[in-house]
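The values are calculated or read from the model by the stated rules, or taken from the named source; none is laboratory data. Quantities reported herein were computed from a predicted structural model and do not represent experimental measurements. Cβ placement follows ideal geometry from the backbone for every residue including glycine, while neighbour counts extend to all protein chains displayed.
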There are 2 protein chains.
Amino acid sequence: MYTYSYLLDFTKQVFGKMGCSEKDAEIIADVFLAAELRGHASHGMIRIKDYYELWKAGRINVKPDVKVVHETPSTAVVDGDNAVGMVAARRSMEIAIEKAVTAGTGWVATNNSNHFGIAGYYSMMALRKDMIGICLTNANPLVAPTFSISRMMGTNPIAVAIPSLKQPPFVADFATTPIARGKLAVSEKKGEKVPFGYVQDKSGNPSNDPAILKSGGSMLTLGGDRIHGSHKGYCLSAIVDIFSAVFSGANFGPFVPPSVAYLPVLDKKVGKGTGHFFGAMRIDAFQPAGEFKSKMDEWIETFRSAIPAAGQEKVLIPGDPERECEERIMREGISLVPAIEKDLRDIASAIGVPFG
Amino acid sequence: MYTYSYLLDFTKQVFGKMGCSEKDAEIIADVFLAAELRGHASHGMIRIKDYYELWKAGRINVKPDVKVVHETPSTAVVDGDNAVGMVAARRSMEIAIEKAVTAGTGWVATNNSNHFGIAGYYSMMALRKDMIGICLTNANPLVAPTFSISRMMGTNPIAVAIPSLKQPPFVADFATTPIARGKLAVSEKKGEKVPFGYVQDKSGNPSNDPAILKSGGSMLTLGGDRIHGSHKGYCLSAIVDIFSAVFSGANFGPFVPPSVAYLPVLDKKVGKGTGHFFGAMRIDAFQPAGEFKSKMDEWIETFRSAIPAAGQEKVLIPGDPERECEERIMREGISLVPAIEKDLRDIASAIGVPFG
C-alpha cells in the first residue's frame, strides 16, 4: 500500500527525469493521482509505462511550447506541440477559464496532443472559479458505429462539472460506451465473460468474450444494439470526435494516433495528433452565483431523495462514487498489483529514481 | 394524404385564430411541419390538439413578450413569457446566433417556456450561418434515475447540427432514453410488447409492457440497466435538465410543468415554466470555414465507408434517416391517421378554419 503523496512525488520525479519542467511534471503527477483517487485506476499508475515507452521512442515532446494559434473573444485553438496530454490539456482548460472571465464562456479546441488521463480532472478545474467545466477527448479507435464492424471511434468520454453550495458538486465523467476499455482487460485477466452488449465479433455478431478485440472484434457504443439506442451512443461518440478533432485540426476517428508505443505510428494522418475540447461557463453569466449554487443544492437534494428501486440502497448523484472512493483512498492508501509495481520499479531503476 | 404546404398553411391558420401574430404562427407551423418531414410525427400534427387545449385552458400565452433578462458577451438568459414553446425557442436560438457573430460562440438559457417541438429544428438554424447549433430541453418527468423508481426527468433530448460542404450536414437529435415516449404509445395501440430495457414497473423490476407508465412504472435512461451503462444515460439526462432549467431559472426535473392540459398544473414550482438551452458556435471561431466544412466532408465520407456488419446494408451518418424521410414525404405527402384527422377537424370547426 502506498500513500497518495508518495506516488505523487514518485510520478513527478519520473517525468522530471524524462526532461519535463518541474511545473509540467507536477501537473502530470497531479492528473495521474487524481485518476487513482477517483477510482479510475485504468488511467492511473498503470499508464505511466505507456508514457515512458512513448518518450523512449521519441514519440512525445517533454519540452513543449503549448500555444494559442487562433482565437475569438470566447474561443481558442491550441497547438499542444505533441506534449504529454496532461500538459496540453491543463493549459487549454486554463485558457478556456480565462476566456470565460471576460466573455462569459470560453471554448478551446486542442490539437497535436496525446492521451491526457481522466477528462473529469479538467472539467473540475472550473469549479474553483464558480464555473461549469466541460471536457471531451477523442481516443484510439476501438468502437464501431451502429450497423458496422469497423473500429472508427474511441471510448470518447464526456465530462461535465457543475458547482453547488453546501452539497458536493455534480461531476459526470463517462465514456460514450457501456464500459471503459480497461474493464474488458480486467475481465479477460480474470477469465470471465462479459455481458452481451459490450462487444461484438469481427462479423458484428453479439459476443461476451472480453478478448474479442484481439480477433477483429470491436466495442459497441452506449445503448449496445440498435433496439436499445446504440445509434444515440454513436451520435455522442461522433460529436465528441468532431468537437475534439475537426474543431481543433487534430486526427479524427480511425486516424487518432496510438497512445502506446507498441503500436506503430499510423501511415495516414488527417490532422495533428490527438484532439481535445474544453469549455468553461461562468455561472454568473446566467444566474447570480449564489442563487445558482443553492439551486444546484436543491437539484441534488431532490434527486438524492428519489425512491430507490427494490433491492437498491440509495440513488446516486453523478460524482458520488468517485468522491467516496477518494475519501477511502486518502484514508487507506493506494494498492498496486505486483505487475504494475514491477513496471514502476523497472522504470525507476532505468531512469534513476527510488521506488518502493 | 396531405401536402406539406397544405398542412403548413392549416397549422398557421389555427395558431393565427388562437391569437398568435402572423410571424409567430408561421414559426409554430414551420416547426410542426419540420417534425412531420423529419419522421418525428410524434412531435408533429398529433400535438396540435395539446397546444389548442392548453390555450383553451388559458395556460399558454399567444401574445408573449420574449426577452433577454440577463447577458454577457457570449451568453443570455431569455424569459419566454409562457409563449408557445416554438416562439420562445426560435427567438432564443436567434439570440445565440447573434451572440456568436461577435463573441465566437453564443449560449442562451430560456425559462418560462413550453413544449417546443423537435430540438433538431433549432440546432439546424445555425447551419445557414456556418455555425454549429446545439439545443437541449427538459420535459415532463417520466424517466427514473439509475437505481430509482421515481420519475424525475424527461426524455431530455440533445440536438447537435454541424455544417459540411458537399455532404449533407451532420444532424444528431435524440432523446437520452433508449426510445422516445411516443414509441411506447404506438406499441400499446398495436397491442405489442416492447423490448426489455425501455421501462420498469413501479417496484423497479424489468418490464416489457408499453402501458406500464399508467401503473406507476417509469422509463429508463439510455443504457437501460446499470450493467449496460444506464448511469451514463442518467448523467446525460441530468446535464440536459440542469443546463435547461438551473441555468435559466426554469423548473427542473420532477417540477417541469405538464405539456398537456389534461394534467393539472403542479402545486410546487422551483422556477418558471419549462427550460431550454441553445448554443451557436461560429465554425471560423475555430478553423477557416472552408477548411472546416471540407474536413467535415472527409469525416462523413470516412464514416460512410465503414464496413457494414453481417446482414446490414450500410452505415448511417447522423441525419441520414431524417433526410431520406424528408425527401420521401415532400414527394409523397403526409398521411394522418383517422384519429388525428378527427382531432384536427374538430379544432378547425371550433376555431373557424377550413380543413380537409
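A few points about this structure:
- Candidates B:ALA306, B:ALA245 - the one that is surrounded by fewer than 24 Cβ atoms within 10 Å (Cβ to Cβ), at negative phi, assigned by TED's automatic domain parsing to the domain that holds B:MET93 and small (Gly, Ala, Ser): B:ALA306
- The listed residue being closer than 30 Å to A:VAL77 by Cβ and out of contact with any Gly (no Cβ under 8 Å at 6 or more places or on another chain), out of A:VAL337, A:VAL256, A:VAL315, A:VAL260: A:VAL260
- Meets criteria (crowded, with 24+ Cβ neighbours inside 10 Å, in contact with a Cys (Cβ under 9 Å, 6 or more places away or on another chain) and either under 18 Å from B:LEU136 (Cβ atoms) or not polar (S, T, N, Q) (or both)) for B:PHE278: yes
- Any hit, the range B:191-202, residues being within 17 Å of A:HIS231 (Cα to Cα) and crowded, with 23+ Cβ neighbours inside 10 Å: yes
- Residue within the range A:146-154 that is surrounded by fewer than 24 Cβ atoms within 10 Å (Cβ to Cβ), of a type in the set (A, V, I, L, M, F, W, C) and either outside the structural domain of A:LEU263 (by TED's automatic domain parsing) or in contact with a Ser or Thr (Cβ under 8 Å, 6 or more places away or on another chain) (or both) present: yes
- Among (1) assigned to a loop (DSSP other than H, G, I, E, B); (2) farther than 30 Å from A:ARG181 by Cα; (3) not assigned by TED's automatic domain parsing to the domain that holds B:GLY154, the one test that B:GLY197 misses: (2)
- Extreme residue, farthest from the other protein chains (Cβ to nearest Cβ), among residues of the range B:69-104 that are part of a strand (DSSP E or B) and within 22 Å of the chain's Cα centre (by Cα): B:ALA83
- Within the range A:310-325, being surrounded by fewer than 16 Cβ atoms within 10 Å (Cβ to Cβ), more than 8 Å from chain B (Cβ to nearest Cβ) and of a type outside the set (Asp, Glu) holds for one residue alone: A:PRO321.
- The conditions of being assigned to a loop (DSSP other than H, G, I, E, B) and either β-branched (Val, Ile, Thr) or closer than 29 Å to A:GLY319 by Cβ (or both) are met by A:GLY39.
- In the range A:154-166, the count of residues that are away from chain B (no Cβ under 14 Å), farther than 30 Å from B:GLU298 by Cβ and assigned to a loop (DSSP other than H, G, I, E, B) is one or more.
- All positions within the range B:212-227 that are farther than 11 Å from B:THR146 by Cα and at the interface with another protein chain (Cβ under 8 Å from one of its Cβ atoms): none
Per-residue answers, yes or no, for (1) touching a helix residue (DSSP H, G or I) at 6+ places or on another chain (Cβ under 8 Å); (2) among the β-branched types (Val, Ile, Thr); (3) closer than 22 Å to A:LEU236 by Cβ:
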residue	(1), (2), (3)
B:SER259	yes, no, no
B:LYS314	yes, no, yes
B:LEU336	yes, no, no
B:ILE351	yes, yes, no
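- Test: residue in the range A:64-80 that is within 30 Å of A:PRO321 (Cα to Cα), crowded, with 19+ Cβ neighbours inside 10 Å and at pLDDT 95 or above: no
- Taken over the range B:267-291, residues that are touching a residue at least 60 places away in the same chain (Cβ under 8 Å) and part of a helix (DSSP H, G or I) amount to 5.
- Hits in the range A:324-356 (condition: β-branched (Val, Ile, Thr) and either free of Cβ contacts under 8 Å to residues at least 60 places away in the same chain or assigned to a helix (DSSP H, G or I) (or both)): A:ILE329, A:VAL337, A:ILE340, A:ILE347, A:ILE351
- Per-region count, the range B:39-51, residues buried (at least 21 other Cβ atoms within 10 Å of the Cβ) and more than 12 Å from the chain's Cα centre (by Cα): 3
- Of all the numbered requirements in (1) surrounded by 13 or more Cβ atoms within 10 Å (Cβ to Cβ); (2) over 21 Å from the mean Cα position of the chain (by Cα), B:GLY271 misses one, and that requirement is (2).
- Members of the range B:249-273 found to be more than 7 Å from chain A (Cβ to nearest Cβ) and touching a Phe, Trp or Tyr at 6+ places or on another chain (Cβ under 8 Å), listed by number: B:LEU266, B:LYS268, B:LYS269, B:GLY271
- Single match in A:ALA175, A:ALA185, A:ALA211 (criterion: surrounded by fewer than 18 Cβ atoms within 10 Å (Cβ to Cβ) and within 18 Å of B:ILE227 (Cα to Cα)): A:ALA185
- Total residues in the range A:167-194, condition assigned to a loop (DSSP other than H, G, I, E, B), under 19 Å from B:LEU222 (Cβ atoms) and small (Gly, Ala, Ser): 2
- Residue identified as without any contact (Cβ under 8 Å) to a residue 24 or more places away in the chain and either among the hydroxyl-bearing types (Ser, Thr, Tyr) or in a helix (DSSP H, G or I) (or both) among B:TYR6, B:TYR51: B:TYR6
- Of all residues in the range A:154-170, those being closer than 17 Å to B:GLY229 by Cβ and of a type in the set (A, V, I, L, M, F, W, C) number 3.
- Complete set of residues in the range A:167-194 that are away from chain B (no Cβ under 12 Å), closer than 28 Å to B:ALA306 by Cβ and at pLDDT 95 or above: A:LYS193
- Qualifying residue in the range A:298-305 (condition: within 22 Å of B:MET153 (Cβ to Cβ) and touching a strand residue (DSSP E or B) at 6+ places or on another chain (Cβ under 6 Å)): no
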